[in-house]
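Right, one structure below, let's go through it.
The values are calculated or read from the model by the stated rules, or taken from the named source; none is laboratory data. Note that this is a predicted model, so its numbers are computed, not measured. For neighbour counting, all protein chains shown are included, and Cβ atoms are generated from backbone atoms with ideal geometry for every residue, glycine included.
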Amino acid sequence: MAIPVENINFSKEENDEKCIHSLPCKIHFNGEANISDFFIPASENENQEELDVSFRGYPLCGVKVKVPDGYNGFILQEKSENTSKKLCCVRTFKSITYWNWDKKPSKNDPFLSALDWADLCQIHDPIEDETED
Amino acid sequence: MMDEDISPQSADELSPSTAEDSSPKTSEDMSPRNAEDLGAKCKESARDDNFYITSSIPDICKKQHCILGIDEAGRGPVLGPMVYGVCYCPKSKEDDLKETGCADSKTLTEEKRENIFEKICKHSEYIGWEVEVISPSIISTSMYRRQKISLNEISHNSAIGLLKRALDAGVLVTEVFVDTVGPAEKYEAKLKNIFPELSITVAKKADSTYPIVGGASICAKVTRDRALKTWTFSEIETMESWGSGYPTDPVTKKFLMSTMDPVFGFPKLVRFSWSTAEKILDEHAIQVDWEEEESSKGTQSVKTFFSPGDKKKHRFFKDRFLTNTVEL
């Protein structure tokens, strides 16, 4: 069953993109957090490619990852109206900071290598699934 | 290493209260002259990185055989930096050193310690010292690495680093005295292996036995106290007291509870890897699961290894955890 997504607005992209982070742990919480005081990434080199931060005392290594050209990142929030599920786009983004625990992010990380698909899938037009029974 | 060297030249603020100091100062000699100067240096340094503060090196220490003491302050507390210190002087001046009152910093009041520290600085013609401030944040992240670095290892590395720096700077060190809380024999063997040309004595309570180690303990302790007095943190709004920093201190416990953020835990002043801190987060903060703990969920049945599984899916997609999704 398809779920409607509302409120997609590409112009809603905000400047402070750096505050979208993917952490290598599960935080059992949804809501606002005091990121600006507690989560301040630092970079040793000038081009800000490799980042360091600590979360709950754990050392994290991060990289800033651009969303592939032609794609957009969306943050969707679930909204239930009556019995039907609905998704609402609260924000779009063009980059995300990906963090590993004490390990430099690389193509060995599924998250980063998954982005290969964006390039690879352009080798031909979409085809029908033939194995369907 | 991530050490940041606070060179003597970087001190542009010297407290005017020491202006009466009679000895002529060259432009290079901008080293701290009292506890306040130490505090000022700590204040201007990064909170989440280690840094050094050093005296100028007395010329006589480059010409005469020197004794050097190593000691630490702030090993046990759940918050604040651990400070390692070295203090050195020519062996011929050992008796003069005793007159400054160098002794185990724990037996002295704070005021007494700061007085002795000022005396050490006044005798810059024959006493030299250096401290490394090991940030609580570095302590946490070291102990929470994939390959944990123990506090003992952090301590040893700091001591070895300070000794190397003194030797590299040209101090003619021949005898070294080290205070330790861990097993002395193993530590002594480790140091002798790195510095075979030096006479090294590692002993428990060396700070009360050898005045030069007492000197090192005073430099370290005064630095730690001043760092705690001058440090401010973006995460801590009110300047409420954090007490002694020892886990048993009720003021420290109260500070930990009241500054705790449910998501991020503690300000960077706190050593997350201490059991006191861990326990508070376990009981009061939002649960956070790290990959190791997550992957240990139950054992897979042997059958799953032989079942056909996702035959259709190419490794390219499996490696990347990519799946088709129609529903959410």
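A few notes on this one:
- Against the test of being touching a residue at least 24 places away in the same chain (Cβ under 8 Å) and surrounded by 18 or more Cβ atoms within 10 Å (Cβ to Cβ), the options B:V181, B:V83 yield a single qualifying residue, B:V83.
- Evaluated against (1) at pLDDT 95 or above; (2) surrounded by fewer than 20 Cβ atoms within 10 Å (Cβ to Cβ), B:A159 falls short on exactly one condition, (2).
- Applying the criterion of at least 1 residues that are among the polar types (S, T, N, Q) and either farther than 22 Å from B:I67 by Cα or more than 14 Å from every other protein chain (Cβ to nearest Cβ) (or both) to the strands (runs of 3 or more DSSP E) found wholly in region B:109-222 leaves B:173-179, B:199-203.
- When residues of region B:283-323 are limited to those that are more than 7 Å from chain A (Cβ to nearest Cβ), closer than 26 Å to A:N30 by Cα and at pLDDT 60 or above, the one surrounded by the most Cβ atoms within 10 Å (Cβ to Cβ): B:A285
- The single residue among B:T252, B:T223, B:T248 that is within 17 Å of B:W129 (Cα to Cα), among the β-branched types (V, I, T) and either buried (at least 17 other Cβ atoms within 10 Å of the Cβ) or without any contact (Cβ under 8 Å) to a residue 24 or more places away in the chain (or both) turns out to be B:T223.
- Set A:C89, A:C61: member being under 17 Å from B:I138 (Cα atoms) and touching a residue at least 24 places away in the same chain (Cβ under 8 Å): A:C61
- Scanning region B:48-76 for residues that are in contact with an Asp or Glu (Cβ under 6 Å, 6 or more places away or on another chain) and assigned to a loop (DSSP other than H, G, I, E, B) returns B:D49, B:N50, B:S56, B:P58.
- Residue in region B:77-108 that is farthest from B:K229 (Cα to Cα), counting only those that are of a type in the set (G, A, S) and assigned to a helix (DSSP H, G or I): B:S92
- Scanning region B:228-265 for residues that are within 22 Å of the chain's Cα centre (by Cα), within 13 Å of another protein chain (Cβ to nearest Cβ) and among the hydroxyl-bearing types (S, T, Y) yields a total of 2.
- In region B:266-276, the residues that are more than 8 Å from every other protein chain (Cβ to nearest Cβ) and more than 20 Å from A:A33 (Cα to Cα): B:W274, B:S275, B:T276
- For region A:68-85, the criterion of being at the interface with chain B (Cβ under 9 Å from one of its Cβ atoms), under 21 Å from B:T325 (Cβ atoms) and touching a residue at least 12 places away in the same chain (Cβ under 8 Å) is met by at least one residue.
- Among the residues of region B:90-109, those identified as of a type in the set (S, T, Y) and either touching a residue at least 24 places away in the same chain (Cβ under 8 Å) or touching a helix residue (DSSP H, G or I) at 6+ places or on another chain (Cβ under 6 Å) (or both) are B:S92, B:T100, B:S105, B:T107.
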